[in-house]
Amino acid sequence: MTWSEYGHLLLRHGWLMVAAAAVCGALALGLTTVQEPVFRARVRISMLPGVMDWRMRDLTKELARNAVATFPSDELLAAVRDQTGLQTNADGLRAGWDDGELIITIEAFAGDAATAGTLARTAATAFHSRRSLQFTEQEFIEFIEFEIRNREPELQQIAPNVMTNVLAGLFVGFAAGLTLVLILHWRDEEWLLTRQAIEKSVPQPVLGSIRLN
Amino acid sequence: MRASIELACHKPARSVVLLSPDDSVPTVGAVWNLALAFRDNTSSTLLVDTDMADPGLHLKADLDLAPGLRQWLEQKGQPDLTPAAAHDHGLLVLAAGCSNEDPLQWLNTESIGWFAPALMACAGRVIWRTPPLDQSPVGVLLAGSADAVLMAVRPGRTRRSRVHRARRTLAQAGITATGTVLVES
């Protein structure tokens, strides 16, 4: 196909792409209004080496990675449930480790901000106290500074994300419209629906048309 | 239409073959209306139905299926042929003479060599209805001696792949269609 043919195709069927994108964008917007909200609460725990040398820094990182890898343990989940009286599971809590900032992030997810905040605060406190005890037993506590940076969790609504949903809807709609246009073009060409398609398929000139009675 | 065809074949189209790539084109109606387009007061137009597997021109002309082309070929052109005239239209029609038979039994390069000129002598212009090219090569055989070879295409019903295949079949026989005719409802 030449660029000019692509241009004709867009002029003829381009509205389909726009319409499909608009419909899917509107659907995504509609879906957003009925989507359950999800709040994220985040507590930061710093874990810094007491002495700034490479060996201590590596040891601290190793301890932090191990702590994050086993989060949340069954005991910690049980403790959070006991203390908050809320039903939560391993999917509702998450921990991450920032190797550059040397910060462990404890995140909790829930349908309302208060619950997410309570879960994150309780989980962070339980995690901090258990790990502090462990580090004390292992005699590491003298060499690291392990403390909760923000007692009040940072709260953010992460879903529904209106912009992301609408953009995704528009993209999906545009892609679907484009697919539809290509299928229509194939149909026109294969079934010789337009005079251009016929003239392209036969080398001889079209001499005229006969109407059937 | 008539002027376009004669302009494209650079001479008076005394023998016109209408080819269809497959059975998507209702050739009976197309040939009939093509004949009406060619009809004039100075010369007669004869329609010949060579589709012995699926004849149809006799129905359009309100004639009997037999006697027709098959009987005439069977008797080697004897007695002299008198094609039946379709009432009210001024067209001569030679029916297929049989149905559900392979036209290649009767129509081959040898028989076409004598019967095509003989039929040309009966009328000022002969228009041939042929079986679809994907079913029988009779159309290709007749196209070799015709003044105008028309490829019938029905928009929305005929597939491009079939048209390409028909084109290749014609090219293998060294025949180039004069032009394309759209058959529309």
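What average number of partner chain Cβ atoms lie no more than 10 Å from the Cβ of the residues making up B:144-154?
Counting Cβ atoms of other protein chains within 10 Å of each residue's Cβ and averaging gives 2.
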Solvent-accessible area of B:MET151, probe 1.4 Å, all protein chains present, reported in Å² to the nearest ten, please.
0 Å²
Any idea of A:THR105's accessible area? Nearest 10 Å², probe 1.4 Å.
20 Å²
Give the distance, in whole Å, between the Cα centre of the stretch A:189-212 and the Cα centre of the stretch B:27-80.
27 Å
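Helix-only estimate, please: 222 nm mean residue ellipticity of chain B, summing -39500 (n - 2.57) across DSSP H runs of length 4 or more and dividing by its residues, to the nearest 500. Before the final figure, lay out the partial values.
Working: 7 runs with 61 residues, N = 185.
Calculated from helices alone, the mean residue ellipticity at 222 nm is -9000 deg cm²/dmol.
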Heavy-atom accessible area of A:LEU170 with all protein chains present, probe 1.4 Å, nearest 10 Å²?
70 Å²
How many percent of Cα pairs in the stretch B:59-146 exceed 21 Å?
28 percent
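Based on the alpha-carbon gyration tensor of chain A, what equivalent-ellipsoid semi-axes (square roots of 5 times the eigenvalues) come out, in whole Å, largest first?
Semi-axes (√(5λ), whole Å): 63, 21, 13.
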FRET efficiency, A:GLU137 to A:ASP53 (Cβ-Cβ, R0 22 Å, nearest 0.05):
0.40
Gained length - B:HIS164 relative to B:ALA118, 0.36 nm times residue gap less alpha-carbon distance:
13.3 nm
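Sequence gap at least 6, Cα distance under 8 Å: using those rules, report the relative contact order of chain B to the nearest whole percent.
RCO, chain B: 35 percent.
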Could you work out, for the stretch B:16-182, what percent of all Cα-Cα pairs fall into each 5 Å distance bin, beginning at 0 Å and stopping at the bin that holds the largest distance?
2, 9, 20, 23, 22, 15, 7, 2, 0
Looking at the protein assembly as shown, send over the antiparallel percent of its DSSP beta bridges, to the nearest 5.
50 percent
On a 1.4 Å probe surface of the protein chains, which of A:LEU16, A:LEU31 comes out largest in accessible area, and what is the full order?
A:LEU31, A:LEU16
Kyte-Doolittle at least 1.0, axis length at least 24 Å by Cα - qualifying DSSP helices, chain A:
A:3-34, A:162-190
Once label points are set 7 Å from the Cα along Cα→Cβ at both B:GLU184 and A:VAL172, what is their separation, rounded to one decimal in nm?
4.1 nm
Could you tell me how far the Cα centroid of the stretch A:38-74 sits from the Cα centroid of the stretch A:111-178, in Å?
14 Å
Counting only backbone N atoms under 16 Å from a point 7 Å out along Cα-to-Cβ of A:ASN150, the residues of the stretch A:26-44 in range are A:39-44
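Name the GluC sites (Glu not before Pro) in the stretch A:123-169 that are in a loop by DSSP and that have at most 10 other C-beta atoms within 10 Å, would you? Please report the intermediate quantities before stating the final value.
Values: sites: A:GLU137, A:GLU139, A:GLU142, A:GLU145, A:GLU147, A:GLU154; in loops: A:GLU139, A:GLU142.
Here the GluC sites (Glu not before Pro) that fit, given the DSSP loop and packing criteria, are A:GLU139, A:GLU142.
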Leaving ligands, DNA and RNA out of it, rank B:TRP114, A:TRP3, A:TRP97 by accessible area with a 1.4 Å probe, largest first.
A:TRP3, B:TRP114, A:TRP97
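Can you sort A:TRP191, A:TRP54 by 1.4 Å-probe accessible area, starting with the largest? Could the numbers behind the result be given before it?
On the way: A:TRP191 75, A:TRP54 190 Å².
My answer, sorted largest first, is A:TRP54, A:TRP191.
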Surrounding net charge for B:VAL140, when Lys and Arg each add one and Asp and Glu each subtract one, Cβ distance under 12 Å:
+1
Per residue convex hull volume, Cα only, the protein assembly as shown, in Å³ is 256 Å³
Does anything in the stretch A:43-86 have its amide N under 15 Å from the 7 Å Cα→Cβ label point of A:GLU101, and if so which residues?
A:43-48
Under a plain spin-label model, where a point goes 7 Å from the Cα along Cα-to-Cβ, how far apart in nm are B:ALA85 and A:SER129?
11.7 nm
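The values are calculated or read from the model by the stated rules, or taken from the named source; none is laboratory data. Because the structure is predicted, anything quoted here is derived from the model rather than measured. Reconstructed Cβ throughout: ideal geometry from the backbone, glycine too, with neighbour counts over all protein chains shown. Areas reflect the complete protein model, heavy atoms only, side chains present, ligands, DNA and RNA absent. Shrake-Rupley method; radii C 1.70, N 1.55, O 1.52, S 1.80 Å.
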